[in-house]
1. Which of the trypsin sites (Lys or Arg not before Pro) found in region 19-54 are in a DSSP loop and have at most 11 neighbouring Cβ atoms, other than their own, within 10 Å?
2. Length gain on complete extension for the stretch HIS9 to ARG32, per 0.36 nm per residue less the alpha carbon to alpha carbon distance?
3. Show me the GluC sites (Glu not before Pro) within region 1-82 that DSSP assigns to loop and that have at most 12 other Cβ atoms within 10 Å of their Cβ.
4. Compute from the Cα atoms of region 48-98 the Rg and the Dmax, the latter being the longest Cα-Cα distance, and quote both in angstrom.
5. For region 1-81, run through the chymotrypsin sites (Phe, Trp or Tyr not before Pro) and keep only the ones in DSSP coil with at most 10 other Cβ atoms within 10 Å of their Cβ.
6. Relative to the present Cα-Cα distance, how much length would full extension add between GLN93 and LEU75 at 0.36 nm per residue of separation?
7. Please report LEU88, LEU64, LEU79 as a ranked list, fewest other C-beta atoms within 10 angstrom at the top and most at the bottom.
8. Using +1 at the C-beta of Lys and Arg and -1 at the C-beta of Asp and Glu, which of ALA15, PRO99, ALA87 has the Cα lying farthest in the positive direction of the dipole of region 2-131?
Amino acid sequence: MPGMATKNHRGRFQAILRQRCPLCLEGKVFERLWKMSPQCPRCQVHFEREHGFFLGAMYFAYSLGIAAVAPVTLLLLWLDIGALWVALLAEMQIVLLSPLLYRYSRVLWLHLDQSIDPRTWPEASQHTLNDCDTPRTP
């Protein structure tokens, strides 16, 4: 069923944009701007699988930061603005974008991990399994 795969990808893309759980695609990953929930409030899956789990999210943060800063930096260099000003503006961009880079790098890392090494519903807490939609079979 080709339509089903498209729907699943669209749901995952929306979950990433809305910063939702990689398993149920509904629970919020973050409680506050800089505070991540230890587990999904909906399906109770623990986000940090092991100590240092989010170390790999730095790759996403770096890539997202470069993608955000590069166009403005290249434009300023093309306009022959001084290198000091270009560096200062790039640094200001990174500082202002830090909350988004932090949040989306972690959410992307969670979803990448889920696609490579999927967790299944039985691994989520049993007392809330009935609250979630249809469980996926392993």
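Any read-out appearing in this document is the output of simple, stated calculations on the displayed coordinates, not a laboratory observation. Every value quoted in this text rests on a predicted model; they were computed, and no experiment measured them. So basically every Cβ, Gly included, is an ideal-geometry build from the backbone, and we count neighbours across all protein chains shown.
1. On the way: sites: ARG20, LYS28, ARG32, LYS35, ARG42, ARG49; in loops: ARG32, LYS35, ARG42, ARG49.
Here the trypsin sites (Lys or Arg not before Pro) that fit, given the DSSP loop and packing criteria, are ARG32, LYS35.
2. On the way: separation 23, 0.36 × 23 = 8.28 nm, distance 2.67 nm.
Full extension of this stretch gives 5.6 nm more.
3. Details: sites: GLU26, GLU31, GLU48, GLU50; in loops: GLU26, GLU31, GLU48, GLU50.
When the GluC sites (Glu not before Pro) of region 1-82 are filtered for loop state and at most 12 Cβ neighbours within 10 Å, GLU31, GLU50 remain.
4. 14.4, 47
5. Values: sites: PHE13, PHE30, TRP34, PHE47, PHE53, PHE54, TYR59, PHE60, TYR62, TRP78; in loops: TRP34, PHE47.
Loop-located and lightly packed - TRP34.
6. Values: separation 18, 0.36 × 18 = 6.48 nm, distance 1.40 nm.
Going from the current span to full extension adds 5.1 nm.
7. Values: LEU88 11, LEU64 17, LEU79 8.
Ranked by crowding around the Cβ, least crowded first: LEU79, LEU88, LEU64.
8. Looking along the dipole axis, the top candidate is ALA15.
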